[in-house]
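J.: Got a structure for you, questions after.
Values quoted throughout were computed directly from the atomic coordinates according to the rules given, and no laboratory measurement underlies them. Note that the coordinates shown come from a computational prediction; the quantities given were computed from them, not determined experimentally. Here the Cβ positions follow ideal geometry from the backbone for every residue, glycine too, while neighbour counts run over all protein chains shown.
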Amino acid sequence: MSVAVAAAVVLVAGVALALLWAPEDDDQGPSQRIFYLHVPIALTAYAGFGWGAWKALRLLWTGGQRYDLESYTAIHMGTIFGTLTLVTGSIWARTSWGVWWSWGERQLVLFLILFLFYAAYFMLRFSLPDGPGRARISAVYALFGVVLIPISFLAIRLAENFIHPVVFTRDGPQMSGDMFFTFCVCLAGMLLLAGTLYLNELAGKRLDLRLRELREALELG
Amino acid sequence: MTYVRDVAALARKDLLLELRARETLPAMLLFVLATLVAFRFALPADASERASVGLLWVAILFTALLGITRAFIPEREQRVLDGLVLAPVDRSAIWLGKVLATLAFLGAAELVALPAFGLFFEGVTWNTVAAVVLADVGISAVGAILAAMAAAGRARELLFPILFLPLSLPILVGGVGAAVGDDPARYLAFLALYDGVFAILAWASFEYVVTE
C-alpha cells in the first residue's frame, strides 16, 4: 500500500516536473518531453527482465518454488513496460522524424526483438504442464533472455553497417542538471509503479494458488 | 573420458536412427532446395546480388528449423528421455550428443545448399563458408536446448519456431554481415562469440530442462 502511494506521488511529481519545470529542448521543442516517460519506461522494462532472470537463477540454485511465481510476474511486468516502450518510442519517432517506425533507432529495434522473445516465454509457459518442470524450463528460458539482450544489442549495431547508416542519433546536447533531475524523478516513479504492480500481481497470483489448493482439498475431503 | 564416450554413444544413436528411418535428412535436403527455388521467384529481376545472400541465410535458418523441430519429440513420445535421465550419464551429455547429431544433419544439408546457391544465384565466398560453419555451431547449440523445452509442452512443433527465431536473429546478422559487410572478420568474431556464450549457457542449464 505504501509503495502504491509513493508511486502515485513520485510519478505525478515527475510528470509535473517534466511538463512544467524542465527546460525546453532547443532542438526538438516540446516533443522532447516524452523522453521523461519513454526512457524511464524502457529502463523499468530492463529492470523487470533482470529481476525475473535473478529470481530464475535463484530458483535453479535453491529449488525454492516460490521463485517461479516471482520470476514469472517480473517478466510479465518487463513485457508490459517493454510494449509501452515500443508504443512511446513509436510516438516519439512520429513527432520527431515523421515516421512511426525507424530501423535506425537501436533501442527500439532491440525492444522489438525482446518483445518477440518474451512473448514466446508466455507461449512456452502456458504450453507446459503445471509443476516444478515448468518452473525450471521457464527459468532457463528467462536466463537466455538476459544473455540475449547484450548479444542482440551488439548484433543491431553490427547490422547498421550493412542495412543502412545511422541517420538519427540522440547524442545532442548533454542533459542539463534540471533535465537530469526530472529524469531521475520520473525513473524513480516508474520503478515504484512497476514495483506496485509486481507486488499486487504476485499477491493476487498467490491468492489464486492458495484458493485452488483449498478447493482441491475440499473436493478430496 | 567416460563423458566423451557417453556423448559419442548418444550422437551415434541419433545418426543410426536416421540411417535406418531416413526421415529428417531427406526432408531437410528437399526443403532447402525447394526454398532456394522459391526465392528465385520471390526476387525481382533487378534485385541486387546482395539481397540473395540474405535469402541464403533465411533458407539455412528455416532448414535448421525443420530439422531440429523434431529432435526431441521421438525421445518424449517413446519415453527414451526418461531412460536417458535415469542412466548414469551427465545430463549435459544428452545435449552435447544431440548437438553433434544436429551438426551432422545441418552440415549435410548445407553441402547441398551451398553448391545449389552457387548454381542458382552467385558464387559462394570462403567468408560465407566460414560463417556457415560458425553459425551451425550456434544453431545446433541453441536449437537442441530449445527443442527439448518445446517437446516438454503441448504445442511442441508449433512452439519451437517461435522460441528459436528471436534467438537466431544475431546469427542472421553475423552470417549476412560476413558476406556483404566491409569487415568480415568482425562478423565472424561475433558469430564465434555467440557460439561461445550460448553453448556455455545451454551446456550448463540443460539438466534443468530434462529433470523431471
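J.: To make sure I understand the rule: partners must be lysines, Cα under 30 Å from the Cα of A:K55, and not fewer than 8 residues away in the same chain. Which ones qualify?
T.: A:K205, B:K98
J.: Here's something else I'd like to know. Kindly express, to the nearest 10 degrees and within the range 0 to 90, the angle between helix A:132-160's C-alpha long axis and the longest C-alpha principal axis of chain A.
T.: Here the helix axis deviates by roughly 20 degrees.
J.: Give me the one-decimal nm value for the distance between modelled label points at A:M1 and A:L19, 7 Å along each residue's Cα-to-Cβ direction.
T.: Reported label-point gap for A:M1 and A:L19 is 2.9 nm.
J.: Where the centre of each part is set by its Cα atoms, how far does the range B:136-207 sit from the range B:19-45, in angstrom?
T.: 21
J.: Run through all the Cα pairs of the protein assembly as shown and give the fraction in each 20 Å bin from 0, expressed as whole percent.
T.: Percent of pairs per bin, in order: 23, 50, 25, 2.
J.: Now a separate question. Just to be sure I understand: with springs between alpha-carbon atoms less than 10 Å apart, which residue in A:A194, A:A56, A:A159 has the highest mean-square fluctuation in the Gaussian network model of chain A?
T.: Result: A:A159 has the largest fluctuation of those listed.
J.: May I pose another question? Any chance you could give the angle, 0 to 90 degrees and rounded to 10, that helix B:91-120 forms with the longest Cα principal axis of chain B?
T.: The two axes meet at around 20 degrees.
J.: While we're here: In whole Hz, with x marking every Gly and Pro, tabulate ³J(HN,Hα) for the range A:92-106 from phi via Karplus 6.51 cos²θ - 1.76 cosθ + 1.60, θ = phi - 60°.
T.: Per residue, the Karplus-derived 3J(HN,Hα) values read 5, 4, 5, 6, 8, 10, x, 10, 7, 9, 9, 6, x, 8, 4 Hz.
J.: Calculate the spin-label point distance for A:A203 paired with A:F181, positioning each point 7 Å from the Cα along the beta-carbon direction, and give it in nanometres.
T.: 3.4
J.: In debye, nearest 20: dipole of the protein assembly as shown around its Cα centre with unit charges on the Cβ of K, R (+) and D, E (-)?
T.: With only Lys, Arg, Asp and Glu charged at Cβ, the dipole is about 1000 debye.
J.: With a 10 Å cut-off between alpha carbons and a GNM built on chain A, which of A:R58, A:R210, A:R136 moves the most?
T.: The residue that fluctuates most here is A:R210.
J.: Starting from the Cα of B:K13, draw a straight line to each of the aspartates and glutamates and keep only those under 20 Å, dropping any in the same chain fewer than 8 residues away.
T.: Of all the aspartates and glutamates, those that pass the test against B:K13 - Cα under 20 Å, at least 8 places apart if same chain - are B:E23, B:E75, B:E77, B:D82, B:D90, B:E207.
J.: While we're on this one: Towards the positive end of the charge dipole of the range B:2-210, with charges on Cβ (+1 Lys, Arg; -1 Asp, Glu), say which of B:P26, B:I171, B:Y187 has the farthest Cα.
T.: Final value for the positive-end residue is B:P26.
J.: Add -39500 (n - 2.57) for each DSSP H run of 4 or more in chain B, then divide by its residues: what number comes out at 222 nm, to the nearest 500 deg cm²/dmol?
T.: Helix-only estimate at 222 nm: -29000 deg cm²/dmol.
J.: Follow-up. Are there any trypsin sites (Lys or Arg not before Pro) in the range B:1-62 that are in a DSSP loop and have at most 15 other Cβ atoms within 10 Å? List them by number.
T.: Taking the range B:1-62 and a limit of 15 other Cβ atoms within 10 Å, the loop trypsin sites (Lys or Arg not before Pro) found are B:R22.
J.: Might you report the magnitude of the Cβ-based charge dipole of chain A about its Cα centre, with Lys and Arg at +1 and Asp and Glu at -1, to the nearest 20 debye?
T.: Value, rounded to 20: 700 debye.
J.: As I understand it, the value is the acute angle between the Cα axis of helix A:35-62 and the longest principal axis of the Cα atoms of chain A; what does it come to in degrees, rounded to 10?
T.: 30
J.: May I ask which residue of A:L19, B:L158, B:I200 lies farthest towards the positive end of the charge dipole of the protein assembly as shown, with charges of +1 (Lys, Arg) and -1 (Asp, Glu) on Cβ and the Cα centre as origin?
T.: B:L158
J.: Kindly provide the trypsin sites (Lys or Arg not before Pro) of the range B:120-212 that DSSP labels as loop, not H, G, I, E or B, and whose Cβ sees at most 14 other Cβ atoms within 10 Å.
T.: Passing sites in the range B:120-212 are B:R154.
J.: Turning to a different aspect of this structure: Please name whichever of A:A119, A:L69, A:L148 sits farthest to the positive end of the charge dipole of chain A, dipole taken about the Cα centre and charges placed at Cβ: Lys and Arg +1, Asp and Glu -1.
T.: A:L69
J.: Still on this structure: Of A:D68, A:D178, A:D208, which is the most mobile in a GNM of chain A whose springs link Cα atoms less than 10 angstrom apart?
T.: Among A:D68, A:D178, A:D208, the largest GNM mean-square fluctuation belongs to A:D208.
J.: Can I ask one more? Please report the Cα spread of the range B:2-210 along all three principal axes, rounded to whole Å, starting with the longest.
T.: The Cα atoms of the range B:2-210 stretch 58, 34, 30 Å along the principal axes, largest first.
J.: Let me spell out the model: positive unit charges on the Cβ of Lys and Arg, negative unit charges on the Cβ of Asp and Glu, origin at the Cα centre of the range A:59-155. What dipole size does that give, in debye rounded to 20?
T.: In debye, rounded to 20, the range A:59-155 gives about 40.
J.: What would the Debye equation give as log₁₀ I(q)/I(0) for the range A:2-220 at q = 0.07, 0.15, 0.16 Å⁻¹, counting only Cα atoms as equal point scatterers?
T.: Log10 of I(q)/I(0), two decimals: -0.27, -1.05, -1.14.
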